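Colleague: Here it is, the structure in full.
All of the numbers you see were taken from the coordinates with simple rules; none came from a lab. All values derive from a computational prediction rather than experimental measurement. A quick note on method: Cβ atoms are made from the backbone with ideal geometry, for glycine too, and the neighbour counts reach across all protein chains shown.
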Amino acid sequence: MKSLNRKLQILGLLALFIVCSSFMHPIKLTASLIEYDEKTNKLRMECKVFIDDFEKSINKTLAKNINVLNLTKKDKAGIDNYFDQYYTINLNGKKLPLKYQASEVNIQFNVLTIKFSESVIKLKKGDKLYIENKLFFQEFGYLQSNRITIRISPFIAEDNNVAVLNDYLILKTL
């Protein structure tokens, strides 16, 4: 009888571990893409975040009980305000707006992709692009890293960068 109880306890703990680990993930990261189309002079940005990390951060700071599956106007405004505070793109000292356009939810992988409206800009050699990505550093500190891929044809074919707690500013001279 003791052996059976012990086996049931182990199975219960194993089941609890599996359930808990499916709701938590050890990786703390975001991935964003900044891409310029020289034919249309449009710069676009999208950012992929883990849903639970995003909800924890935005609910603590700017929105309350955001539902990424059914965003309201207030939620979208909260996303705009959140990114305005924690993710900025400047061109030659002028801040480019990040305005929520659309999002895609992948529940299976716990990922939210946020797409922002395109900015119409004319880039030229010597322009300076500053990217500051401070997403989730308040919540996760040094565990957080933010990957940023930059594609700005004809100046940058593809450049992969990482923003971390003590080094979150990226400068590119075109």
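Colleague: Which of the lysines could be linked to K172 by a straight reach, that is with a Cα gap under 17 Å, when you skip same-chain ones fewer than 8 residues away?
Modeller: The reachable lysines, counting only those whose Cα sits under 17 Å from K172, are K94, K95, K122, K124, K125, K128.
Colleague: Next question. For K39 paired with V162, estimate the spin-label separation in nm (one decimal), with each label point 7 Å from Cα along the Cα-to-Cβ line.
Modeller: Each label point lies 7 Å from its Cα, and together they span 3.5 nm.
Colleague: Once the piece of chain linking Q85 and E132 is laid out straight, how much longer is it, given 0.36 nm per residue of separation minus the C-alpha distance between them?
Modeller: 15.9 nm
Colleague: Search the structure for amide H atoms under 5 Å from the amide H of S103, placed 1.01 Å from N in the peptide plane, and list their residues when 5 or more places away or on another chain.
Modeller: Hits under the 5 Å cutoff: K115.
Colleague: Further, regarding this structure: Taking the number of other C-beta atoms within 10 Å as the exposure measure, put V120, V49, V162 in order starting with the fewest.
Modeller: Going from sparsest to densest Cβ surroundings: V120, V162, V49.
Colleague: Here is a further query. Which ³J(HN,Hα) values, rounded to whole Hz and listed in residue order, are derived for the stretch 89-97 from phi using the Karplus coefficients 6.51, -1.76 and 1.60 in 6.51 cos²θ - 1.76 cosθ + 1.60 with θ = phi - 60°, glycine and proline given as x?
Modeller: Listing the rounded values in order: 10, 10, 10, 6, x, 9, 6, 8, x Hz.
Colleague: Now a separate question. Would you calculate the volume per residue, in Å³, of the smallest convex hull containing every Cα atom of the stretch 26-173?
Modeller: So the per-residue hull volume is 110 Å³.
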